[in-house]
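The values are calculated or read from the model by the stated rules, or taken from the named source; none is laboratory data. The structure displayed is predicted, hence computed values, not measured ones. Heads up, the Cβs are rebuilt from the backbone with ideal geometry, glycines too, and the neighbour counts pull from every protein chain shown. Each accessible area value is taken on the protein alone, full model and side chains, heavy atoms only, with ligands, DNA and RNA left out. Shrake-Rupley method; radii C 1.70, N 1.55, O 1.52, S 1.80 Å.
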Amino acid sequence: MFTAEAAYRDNVISRYLNLAAREVVAEIVARLESDRSPVRILELGAGVGGTTSDVATGLAGLSVDYHFTDLSTFFLAAARERFAEHPWMRYEIVDMNADLDQQPRYDVVLAANVLHNAHHVGKTLRQLYDLLNPGGAVVFIEACRAHCQLLTSMHFLMSPRPGQAHPGLSDVRAGTDRIFLEESEWLDQLTAAGLTPMLMLPDADHPLYLLDQRIFAAVRDAAA
Ligand SMILES: C[S@@+](CC[C@H](N)C(=O)[O-])C[C@H]1O[C@@H](n2cnc3c(N)ncnc32)[C@H](O)[C@@H]1O
């Protein structure tokens, strides 16, 4: 847990991205709250809860139904203790490669450092579009280039077991032997899935831009 927290929370780019996630999710929830209450949030691959913890702080006083999900019961048990003060948080197993079709509707989907594990990013984004209520949004953090440190924590440790399908074999990454999508590819994939990109940070003139990790937010149009 300590190593994972260092990778996803206790470093300058994670602090920046998690605080941005806090602001963006709080803003979206505040916008939707007058129309639907509680606002339903699904967090995929929440893991050690590095992003959750900042996002939960930003939700104080707002009406939410927050589903903290991951593949592993280990993370759910730890999160139940860690977030015990939030009665609006629930804990469930959700495998985004298997379970998205059976999910109920949500208003916000949050995914920090997990969407690159999608077997087919385009299909997964389309499933997220389908499970979002109109006007809802997907907010996600992703690396857009492979760095040794990121590969060690995110890719090598998360590699599929022998016999399991590898992410990206048939999507935009096909034939390129890489796990992360570039930022322009994420924007294209979001648009192709019917989602409208509304934010990508840090900006190109920000010093942290060079670290190649981004937060994206995209909305399912209210009119769609
Ligand atoms: C790199 S960690 C990120 C953890 C956390 N979101 C953060 O940034 O602090 C990736 C997480 O995604 C989960 N994960 C991997 N594949 C997944 C899948 N197919 N569906 C749901 N979660 C998955 C892992 O169990 C792990 O907790």
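Key figures
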| item | result |
| --- | --- |
| Label-point gap, in nm, between Ala192 and Glu27 - each point 7 angstrom along Cα→Cβ | 2.8 nm |
| Charge dipole (segment 2-219, unit charges on Cβ, about Cα centre) - positive-most of Tyr66, Gln102, His206 | Gln102 |
| Calculated FRET value between Glu85 and Asp177, using beta carbons and R₀ = 25 Å, to 0.05 | 0.05 |
| Loop-resident sites, segment 57-139, for chymotrypsin sites (Phe, Trp or Tyr not before Pro), counting at most 16 other Cβ within 10 Å (DSSP) | Trp88 |
| Mean Cβ neighbour count within 10 Å, used as a protection proxy, ranking 111-124, 92-105 highest first | 111-124, 92-105 |
| Antiparallel bridges, percent of DSSP beta bridges restricted to the chain (to nearest 5) | 40 percent |
| Along each principal axis, Cα extent of the chain, largest first, Å | 46, 41, 41 |
| Rel. contact order, % - alpha carbon contacts under 8 angstrom, at least six apart, the chain | 20 percent |
| Charge sum, other residues only, whose C-beta stays under 10 Å from Ile93's C-beta, Lys/Arg counted +1 and Asp/Glu -1 | -4 |
| Accessible surface of the chain [probe 1.4 Å, protein heavy atoms]: carbon and sulfur percent | 55 percent |
| The chain - mean residue ellipticity at 222 nm from DSSP helices (-39,500 (n - 2.57) per run, n ≥ 4, rounded to 500) | -9500 deg cm²/dmol |
| Point-charge dipole on Cβ atoms (K/R +1, D/E -1) for the chain, about Cα centre, debye to 20 | 280 debye |
| Volume of the Cα convex hull of segment 185-224, divided per residue and given in Å³ | 61 Å³ |
| Note, ³J(HN,Hα) from phi for segment 31-37, Karplus 6.51, -1.76, 1.60, rounded to Hz, x at Gly and Pro | 5, 7, 4, 5, 9, 8, 9 |
| Neighbourhood net charge (15 Å Cβ-Cβ; Lys/Arg +1, Asp/Glu -1) for Ala204 | -3 |
| Cα centroid separation, segment 17-49 to segment 100-123 (Å) | 14 Å |
| Listed residues Ser37, Ser14, Ser53, most fluctuating in the chain (Gaussian network, C-alpha, under 10 Å) | Ser37 |
| Under the Karplus curve 6.51 cos²θ - 1.76 cosθ + 1.60, θ = phi - 60°, whole-Hz ³J(HN,Hα) for segment 195-206, x wherever Gly or Pro sits | 9, 9, x, 10, 7, 8, 9, x, 5, 4, 8, 8 |
| Under Karplus coefficients 6.51, -1.76 and 1.60, residue-wise ³J(HN,Hα) of segment 212-217 in Hz, glycine/proline x | 6, 10, 9, 10, 10, 9 |
| Probe 1.4 Å, protein heavy atoms only - accessible area per residue of the chain in square angstrom | 47 Å² |
